[in-house]
Amino acid sequence: MSNIFSNFFRKASRRETLEAVALISIAVAFNMTFGYFSAFFAVYLSFFEWDYIGPMKFVGLKNYELMVKDLLEGAMGASYLITPFFTGLKNILLYTAIVVPVQTFLAIVLAVLANQKIKGIQFFKVSYFLPATTCPVIVSLIFVWLFMKKGFINYALSFVTPGFQPDWLNDKNYVLMAMALVAIWGTSGHFFVSFLAALQAIPKEVYEAAMLDGAGPIRRFLYITIPLLRPMVTYAVVMGLIGALQMFDLAWVMAGSGGGPGGSGYTIAMDIYNEAFTKLRPGVAAAKSMFLFAIIFTTTYIYQKKYGGVIR
């Protein structure tokens, strides 16, 4: 009898292993094709000139030279129409500098508020997280209407700051700020959940000991909550940097393919897209993608190296 059961479980284990391998292989195949293969092919493509139809022509570092020329001319004050890549780089760095700190701080504040034991807190938790579950394109389309000259946002501002009703999406001074506000609203909910989980993992005994020592709410927040949230802050900042530096959807919908007035809403990702599918220069697009990868890798590596030492 024992032999029968052992054979049964051995066969069942073998069958489950085969089923697991079959299911995992699908995900691995997709990841290898659209992940690793695409990345290595982009590196390879950056040294070639190609129009998607004819044969690929090796051009060495020519694509990188075009990219550097764009950056140098832009730094010297050339028009954004001549130097779109420099314009996209300048805009995305400013956008990242606005979005990442604000969304991280707002997510912490929302998590602290949601961690309180008050009536109806579940409703607020769902409300905070809801924007993170909405498609960014749909959110962008809704905010295009809200940011209109006579839209709801200007109507609300008329009660707070009479006379201040900018044309958000048609004024080069406000397009990037409008996109940043939408991004902060949409992404803070995602990191809010992460911070809430981290807050609930902090032992209550630590707070109780601090209260016995006479620490008030502000001191407990500054000297207990923030230090213990440091690993999660590192995660939120790194993921925020990665998402912000390659932002595409918000800019495409809210500023248009040209980047809005004066190219003020133009981004690196939009320029890569236009190079690849509008100008039909995938080699140049691949070279610019390598530059964007270098920026993302360098900034995230430096941040984790300096502030992520507590993560093991």
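Among 16-22, 261-267, 117-123, sorting by the average number of other beta carbon atoms lying within 10 angstrom of each residue, highest first, gives 261-267, 16-22, 117-123. Its relative contact order, with pairs defined as Cα atoms under 8 Å and 6+ residues apart, puts the chain at 27 percent. Go ahead and collect, in residue order, the members of the stretch 205-242 whose backbone nitrogen is under 18 Å from a label point 7 Å along the Cα-Cβ direction of Phe293. The answer is 242. Ranking Ala39, Tyr128, Phe86 by how far each Cα lies toward the positive end of the dipole of the chain (charges on Cβ) leaves Tyr128 at the top.
Report the extension gain between Leu71 and Phe277 in nm, rounded to one decimal, defined as 0.36 nm multiplied by the number of residues separating them, less their alpha carbon distance.
Values: separation 206, 0.36 × 206 = 74.16 nm, distance 2.10 nm.
Between Leu71 and Phe277, full extension yields 72.1 nm more.
In the set (1) 1.36; (2) 1.28; (3) 1.40, the label that goes with Cα Rg over 2.2 N^0.38 Å computed for this structure is (2).
Laboratory data are not the source of any read-out in this text; all were calculated from the coordinates shown. Just so you know, these numbers come straight off a predicted model, no measurement behind them. Note that each Cβ is placed from the backbone with ideal geometry, even for glycine, and that neighbours are counted across all protein chains shown.
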